[in-house]
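Engineer: My questions will all concern the structure given below.
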Amino acid sequence: MRRNEGFLDALADFAGALVPLATLDVQRDLDAKLAEVQNRVNDYGFDPYGMSPDWMRRFALPALLLYRYYFRVETSGIERVSDGRLLIVSNHAGQLPFDSLMLSTALLLEADPPRIARPMGEYWIPQIPLLSIAAARGGALVGTPENCIHMLENEKCVTVFPEGARGMNKTYAQRYQLQRFGRGFMRLALKTNTPILPVGIVGSEEQQPGIADLKGIAKLLGVPSFPITLGFPWLGPLGLLPLPVKYRIHFGEPMRFQGTGAEEDASISRRVDDVKNAISALLDEGLRERAGIFR
């Protein structure tokens, strides 16, 4: 673990030496936003979940550059992001979770006050050495109910993608067709009395068009999916890099639900469908706006 962290620190220092002067303004913006965030850290600079503001300051610059210059992200409705506990629920797509990264960056850069997103990650993330450290230092945790409840009860902003790999690795023919939502996020919102903020992300569905998902190979490899895209596996790992599509992130109206989280599945499913329908409406709105621009 310590060796991996040392490698990441050296990589950050090397990258910093190569940063053009033109990006210094972006770094200053990042520093200013992180300075606004109230977060309790220990003597070593980590919060109770392993997040490090200093690590984020050093490593978040590439995300900011992607946000501003590669994906050219636009947001609408971000003023609806409130302070205190919040569960942000979004669609998921693109083969790799750049949509989660761009959503987190939007919350830090454009929300008032700035929020550090706490993504609930897949269970296999801790099995990847460098990725596991990067995820924890950036605020993410494995999406167990216990982790999510603890964060919400401590007034954090948690982001979830209830489609999971079903959404992220769907084919291009299924773009903007929401896949089955898990019910866990709704039980957690009810149990912790947390408002839900629906989000529709337009653009991620086109960043890496999928042709097929070979479930048999995925099962043999012990991974949730094995996507075939225009570039992968033909170009190796480089084939999964995203295309420079434009992102539009639409934040909906907050939704509050009454209950304890112990309701029957049918009752929970009806509430989940309400959130899913809200996200679908945001996607439809975003697609209409995008179509109008290109007329």
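Engineer: Suppose we keep only residues that are outside any helix (DSSP H, G or I) and aliphatic (A, V, I, L, M) within segment 140-157. Which one would you say is surrounded by the most Cβ atoms within 10 Å (Cβ to Cβ)? Spell out the reasoning first.
Structural biologist: Going residue by residue through segment 140-157, those that are outside any helix (DSSP H, G or I) are 140-144, 154-157.
From what's left, aliphatic (A, V, I, L, M): 140-142.
Values: A140: 26, L141: 23, V142: 17.
Looking at residues that are outside any helix (DSSP H, G or I) and aliphatic (A, V, I, L, M), I get A140.
Engineer: For residues that are under 18 Å from L243 (Cβ atoms) and surrounded by 17 or more Cβ atoms within 10 Å (Cβ to Cβ), tally how many sit in segment 207-227.
Structural biologist: 5
Engineer: Here's a check for you: in segment 43-60, which residue that is modelled with pLDDT of 75 or more, farther than 16 Å from M151 by Cβ and of a type in the set (F, W, Y) is surrounded by the fewest Cβ atoms within 10 Å (Cβ to Cβ)?
Structural biologist: Looking at residues that are modelled with pLDDT of 75 or more, farther than 16 Å from M151 by Cβ and of a type in the set (F, W, Y), I get F59.
Engineer: Could you please let me know if M186 is open to solvent by less than 10 Å² (accessible area, probe 1.4 Å) and either under 23 Å from S267 (Cα atoms) or at pLDDT below 95 (or both)? It would help to see each step written out before you state the result.
Structural biologist: Values: open to solvent by less than 10 Å² (accessible area, probe 1.4 Å): yes; either under 23 Å from S267 (Cα atoms) or at pLDDT below 95 (or both): yes.
Considered against the rule, which asks whether it is open to solvent by less than 10 Å² (accessible area, probe 1.4 Å) and either under 23 Å from S267 (Cα atoms) or at pLDDT below 95 (or both), M186 comes out as yes.
Engineer: Here's something else I'd like to know. Of the conditions (1) within 24 Å of L34 (Cα to Cα); (2) modelled with pLDDT under 80, L101 fails just one. Which one is it?
Structural biologist: (2)
Engineer: What number of residues within segment 228-269 are open to solvent by less than 20 Å² (accessible area, probe 1.4 Å) and modelled with pLDDT of 95 or more?
Structural biologist: Residues meeting the conditions: 6.
Engineer: Residues of segment 61-81 being assigned to a helix (DSSP H, G or I), among the aliphatic types (A, V, I, L, M) and open to solvent by less than 40 Å² (accessible area, probe 1.4 Å), which ones?
Structural biologist: Going through segment 61-81, the residues assigned to a helix (DSSP H, G or I) turn out to be 61-70, 78-80.
Now restrict to residues that are among the aliphatic types (A, V, I, L, M): 61, 63-66, 78.
Of everything in segment 61-81, those that are assigned to a helix (DSSP H, G or I), among the aliphatic types (A, V, I, L, M) and open to solvent by less than 40 Å² (accessible area, probe 1.4 Å) turn out to be L61, A63, L64, I78.
Engineer: Keeping to segment 165-175, report how many residues are surrounded by fewer than 18 Cβ atoms within 10 Å (Cβ to Cβ) and in contact (Cβ under 8 Å) with a residue 40 or more places away in the chain. If you could, list the steps in order and put the result at the bottom.
Structural biologist: In the first step, residues of segment 165-175 are kept if they are surrounded by fewer than 18 Cβ atoms within 10 Å (Cβ to Cβ); the result is 171-175.
Filter again for in contact (Cβ under 8 Å) with a residue 40 or more places away in the chain, leaving 171, 175.
Going through segment 165-175 one residue at a time, the tally reaches 2.
The values are calculated or read from the model by the stated rules, or taken from the named source; none is laboratory data. Treat the numbers as computed from the prediction; the structure is a model and nothing was measured. FYI the Cβ positions are ideal-geometry reconstructions off the backbone, even for glycines, and counts take in every protein chain you see. Remember, those area values only see protein heavy atoms, side chains included, never the ligands or the DNA or RNA. Shrake-Rupley method; radii C 1.70, N 1.55, O 1.52, S 1.80 Å.
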